[in-house]
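> Dumping the structure here so I can ask a few things about it.
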Amino acid sequence: MFLPLLFVVALQSSIAPELPAGVGSEFQAACLEVEGRLEAKDFAKAQRLASHLPSLDVPYQWSDANVRPADRTHYIEIRDRLFKIWGHMVPGLTFKESTKPAMKFGFEKVLAKVPDSDLPAGAALFFSPPGEGPMVESVIGLTRGNPAVEVTDAEVYNETSYAIGRYLGLAPSPIPGSALGRTDLPGMGFASVSPIEASRAQELMAITQKLRDAAEHKKTMTPTKPSVFLDPVKLDGATVLQGKKIDFSLQLTNRGNSTLNYWLQPDCGCFSLKRSGKVEAGGSALVQIRMDTTQYHGPVEKKIALFTNDPANPSILLPVTVNIRPRYQFIRPGGSVVVVPDGGANVDVYLAISEGAGLDATSADFHGIAGTVKYVPWKGVLADPENGEGAKPRTGYKFTIHLDDSLPPGRASGTLSVETTNPDFPSIRFNLSAQKGIVALPDQLYMGELGGRPVPATILLSRPHSVYKILGVACDLASFSAKFSALPQPGEYKVEITYDGKATIGEFHGLLTITTDDPKQPKILVPISGVVR
Amino acid sequence: MKIAPLVFACAGLACAAWTGAPRDDSNWTFLISGDSDGNLSPCGCTSPMTGGLRRRATAVRKLSVGDRTIVLDNGDNVAGTARQDELKAESVAEILGRDCNAIAFKASEAKLGIGEMQTLQRLSKGNYVSSNLREGATNPLMRTIEAGDFLIGSVAASESPFNRLAGVEPESSARAIEQLVSDAENVGRSAVLLYSGNRDQAESVARSHPTIKIIVYRSPNDPPKAVETVGTTTLVTPGEHGKYLLRLTMGQTEVKSYTPISLGPEFEDQADASRLYRTYLDRVDREDLLSKLPKSSSPKFVGSTKCGSCHAPDFKVWKLSAHSHALKTLENDGHGRDPDCVSCHVTGLEKKGGFFSHAKTPLLAMVGCESCHGAGATHSAAPRKVKMPKVGESHCIKCHTPSNSPNFEFLTYWNKIRHGKRG
């Protein structure tokens, strides 16, 4: 006889439904209040409070008296479009105009400034306790920014959508571009309701329905109060070599009475981790976080945001610090530009490899310019001024690139490509510029977008340590003229090209011809391009 | 009635007065970008992708406060010295030149050489600044730029890349900073330093030169959420990869407001910047930079259709996957000939027998079987004799890097293309 009775009692008393992570604190507090009344068996009050929880039937009021008459119809269209979108994404959600609204929308010319900012709020959101007005009231600024500019359709849309999301219990989102990722800044485009936001809203509406049912059927409930404890509270990866994958472990302990739901949001794609999970009451979970350091060097500080359904800690920021040593450096004493004399040149490029890098060269090739490359293991003392490093002992390889006499005059780019044994850096590259003879700098002249005004441009001509003469300059484009002058440095000239502002609209491509007294380079051709608008 | 205090919460907004305040004309608003490292488009290292010059231009237009706005860019907007980097630098100069008061000419720009220096300065409408470079016959840059109540200078952490750039030895970075401070005092303005040092170096400069009003430093991290000050100097950074625009409002003596703005998809592409970016892609295409990429020797590629003749079930899985139309996806986005992107959307781009162009190598114009398993000609000719290697996660992450594929998780993604005996 006793067993069925016990079963009935057990059915009537249970743990309240657990909330997901990423729930608005106001919504969470309202649910806890209902659950508290259910626990205390104060069913009348629980029922009254539960009737004020958000539901799929949303009575609303739209007060647009402050909106310019010309904009009113338009804003209503925006509102109705949003009601339709939210209704589509949260099945069953309907909005009905009412004099006893759960949601109220209003407009003011300008709102008060956001704390610690010179910007006015784009919208203000007010939450009222049950029975004391609309659960959510959104007041949208008709101007925003500093100086004030009129609110745009996209901003009215975004603020209305944000208010609906908050009414449905969602927390503000750190992710820009989503419905809950609002900002007070002007100039935003339309933000769409994300599938995650929609599915979470569905989940929350199911929970509020459960609480209403419990109150109606007088079921006692123990409030869900998960409590998160984090260890460690900061992740320190110490000093590592670039490319190393650092594995961190984060222990989440739930000291509360119900399941802890969490969701992790890193601020960098360099982390791989399972983004969400659950920890049972009294239990703990280890979250494995892997950080890929391939694309960084130097001191790096990233952050992982942890969102939970712990009412006391809805979000926690977890700093991750690591100091990353470069795995290798190419060093070319004298810079990456090589002046190649007649007869060719040998160019030394050093590959300095950090200790313990696990990186050996297996082959080397030189592309882009006719040349050969040889390499040998190398050890020596070398500075790397480009990275601000003085002379110090280094180990690695010395590559000798031979640029032969067949290199044509002018400027050319080549790439030293080194295959390595390291799986994270299987192929590493170093770019080199070679200059031979008289060189035009730049060797292609891009004029950009031109209009109806004259625009001057400059090309420098250089052949270090060897004197030559320019005999003339000419451009084959009708709207361009060119003249040259010698610079103080021997072997250097300046060619000034002037666009007269009169070309027809459209793209142009032409050639500047520079005539010299050098029999090896009697003509230097410089392509000119741009567009006239 | 007992009411949970959170129920009254006001979503972080001021709940008191409903009135705006008049504009304070002693304030200056700075909009600061930079350090994009060649990321002209939104960077894939976050999801959703953030940053990019087109969104930045929109944000600058919307957030400018009339003539009390100073727009700065901290430079270092290219990451190499190849031809594509030159094209990028030219587009950056043209786009930033439309709204910036001063653009830092940093080490990465200096490495492009004196010819590009001339071009960049012209395209930027004279807005590049370098305090490292001394005046010379071939130096078109400004050493400092006056804007509002401020004197803007730009100093690299090391002067080495500026060696012989303008025919004269560069000013040491320490001396260049001293000169900026002294020049600012002489003209009765506050110094603003665009700096390529890191946070610690910036702090050290602030301690040695307390009259500098703002130091913009370089950082591989996102900008701090709250503004940092050292004495009376404000330290800020636009962070990595051009993902943020900073909005900093300075009063007479103190910071009035500071907002790091993540350039997410809610910022539309600005029309002029979009047109100039389109021109950049057209130039990359016209110069056929894709065909000029270094290629290493390899066995011959045969294309996935050939693989499918024996491995029909696997071919069917592949055909339904995003890999099978990976280049098409890129072409639809306008990046179909962009060397920055194509290697992860075709088969064997960096191999001599691999993808060359959609027209010449149509069978390789996608991420095919041989993208992961390697060139298959020898296996195809003698399948029993030559076996193809088994591949795993290490092959996926060559393209599914944190930057390109921030949500990549091997098992989830493997399930989308599960095939072979393992499948």
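> With a cut-off of at least 3 residues that are at the interface with chain A (Cβ under 9 Å from one of its Cβ atoms), name the strands (runs of 3 or more DSSP E) lying wholly within the range B:223-312.
On the way: elements: B:228-230, B:233-236, B:244-250, B:255-262.
Of the strands (runs of 3 or more DSSP E) lying wholly inside the range B:223-312, those with at least 3 residues that are at the interface with chain A (Cβ under 9 Å from one of its Cβ atoms) span B:255-262.
> Further question: Could you run through the range A:387-409 and say how many residues are within 12 Å of chain B (Cβ to nearest Cβ) and either open to solvent by less than 40 Å² (accessible area, probe 1.4 Å) or closer than 22 Å to A:GLY437 by Cα (or both)? Can you show your working first?
Of the range A:387-409, the ones within 12 Å of chain B (Cβ to nearest Cβ) are A:387-390.
In the following step, the residues that additionally are either open to solvent by less than 40 Å² (accessible area, probe 1.4 Å) or closer than 22 Å to A:GLY437 by Cα (or both) were identified as none.
Result for the range A:387-409: 0.
> So the check is Cβ under 6 Å with 6+ separation or different chains; which pairs have a first residue in the range A:108-119 that's farther than 14 Å from A:ILE140 by Cα and a second one that's open to solvent by 10 Å² or more (accessible area, probe 1.4 Å) and in a strand (DSSP E or B)?
Final answer for the pair search is A:ASP118/B:LYS256.
> Listed residues B:GLY148, B:GLY136, B:GLY126, B:GLY113; which is in contact (Cβ under 8 Å) with a residue 40 or more places away in the chain and within 13 Å of chain A (Cβ to nearest Cβ)? Walk me through how you get there before you give the answer.
Numbers: B:GLY148 fails: within 13 Å of chain A (Cβ to nearest Cβ); B:GLY136 fails: in contact (Cβ under 8 Å) with a residue 40 or more places away in the chain; B:GLY126 fails: in contact (Cβ under 8 Å) with a residue 40 or more places away in the chain.
Criteria check complete, one pass: B:GLY113.
> Sticking with this structure for a sec: Only one residue in B:ALA59, B:ALA16 is surrounded by fewer than 21 Cβ atoms within 10 Å (Cβ to Cβ) and at pLDDT below 95. Which one?
B:ALA16
> Additional query: Take the range A:434-458 and flag every residue that is surrounded by 21 or more Cβ atoms within 10 Å (Cβ to Cβ), β-branched (Val, Ile, Thr) and within 12 Å of chain B (Cβ to nearest Cβ).
Passing the criteria: only A:VAL439.
> Being open to solvent by 50 Å² or more (accessible area, probe 1.4 Å), farther than 25 Å from B:SER257 by Cβ and either within 23 Å of the chain's Cα centre (by Cα) or not β-branched (Val, Ile, Thr) (or both) narrows it down to one of B:GLU169, B:GLU146, so name that one. Even if it seems obvious, please write down each step before you answer.
Values: B:GLU146 fails: farther than 25 Å from B:SER257 by Cβ.
It is B:GLU169.
> Every residue in the range A:336-361 that is within 14 Å of another protein chain (Cβ to nearest Cβ) and not in a strand (DSSP E or B), please. Let's see the steps before the verdict.
In the first step, residues of the range A:336-361 are kept if they are within 14 Å of another protein chain (Cβ to nearest Cβ); the result is A:336-339, A:349, A:361.
Residue satisfying the conditions is A:SER336 alone.
> I've got another one for you. Suppose we filter B:LEU330, B:LEU349, B:LEU281, B:LEU289 for residues that are within 30 Å of A:GLY506 (Cα to Cα), out of contact with any Gly (no Cβ under 9 Å at 6 or more places or on another chain) and open to solvent by less than 40 Å² (accessible area, probe 1.4 Å); which single one remains? Lay out the reasoning, then the answer.
Values: B:LEU330 fails: out of contact with any Gly (no Cβ under 9 Å at 6 or more places or on another chain); B:LEU349 fails: within 30 Å of A:GLY506 (Cα to Cα); B:LEU281 fails: out of contact with any Gly (no Cβ under 9 Å at 6 or more places or on another chain).
Within the list B:LEU330, B:LEU349, B:LEU281, B:LEU289, the selection yields B:LEU289.
> When only residues in the range A:100-135 that are more than 9 Å from chain B (Cβ to nearest Cβ) and charged (D, E, K, R) count, which is least open to solvent (accessible area, probe 1.4 Å)?
So the residue we want is A:LYS104.
> Moving on to the next point. If a residue has to be farther than 20 Å from A:LYS84 by Cα, more than 11 Å from every other protein chain (Cβ to nearest Cβ) and open to solvent by less than 20 Å² (accessible area, probe 1.4 Å) to count, how many in the range A:141-167 make the cut?
Counting residues in the range A:141-167 that are farther than 20 Å from A:LYS84 by Cα, more than 11 Å from every other protein chain (Cβ to nearest Cβ) and open to solvent by less than 20 Å² (accessible area, probe 1.4 Å) gives 1.
> List every residue pair whose Cβ atoms lie under 8 Å apart, where the two residues are 6 or more positions apart in sequence or sit on different chains, the first residue falls within the range A:178-195 and is of a type in the set (Lys, Arg), and the second residue, located anywhere, is surrounded by 22 or more Cβ atoms within 10 Å (Cβ to Cβ).
Within 8 Å, the pairs are A:ARG182/A:GLY122; A:ARG182/A:ALA123; A:ARG182/A:ASN158; A:ARG182/A:GLU159; A:ARG182/A:TYR162; A:ARG182/A:ALA191.
> Name, by its number, the condition in (1) open to solvent by 50 Å² or more (accessible area, probe 1.4 Å); (2) within 14 Å of another protein chain (Cβ to nearest Cβ); (3) within 30 Å of B:ARG275 (Cα to Cα) that does not hold for B:PRO339.
Only one criterion is unmet by B:PRO339, namely (1).
> Here's another thing I want to ask about it. Filtering the range A:257-282 down to residues that are open to solvent by 20 Å² or more (accessible area, probe 1.4 Å) and part of a loop (DSSP other than H, G, I, E, B), which residue is farthest from the other protein chains (Cβ to nearest Cβ)?
Going through the qualifying residues, I end up with A:GLY282.
> Tell me whether the range A:82-103 contains one or more residues that are hydroxyl-bearing (Ser, Thr, Tyr), assigned to a strand (DSSP E or B) and under 37 Å from the mean Cα position of the chain (by Cα). Steps first, answer last, please.
The first filter runs over the range A:82-103 and keeps only residues hydroxyl-bearing (Ser, Thr, Tyr), leaving A:94, A:98-99.
From what's left, assigned to a strand (DSSP E or B): A:94.
Filter once more, keeping what is under 37 Å from the mean Cα position of the chain (by Cα): A:94.
Checking the range A:82-103: at least one residue is hydroxyl-bearing (Ser, Thr, Tyr), assigned to a strand (DSSP E or B) and under 37 Å from the mean Cα position of the chain (by Cα).
The values are calculated or read from the model by the stated rules, or taken from the named source; none is laboratory data. All values reported here derive from a predicted model rather than from experimental measurement. When we count neighbours, we look across all protein chains shown, and the Cβ atoms used for this are built from the backbone with ideal geometry, even at glycine. These accessible areas exclude ligands, DNA and RNA; they are computed on the full protein's heavy atoms, side chains included. Shrake-Rupley method; radii C 1.70, N 1.55, O 1.52, S 1.80 Å.
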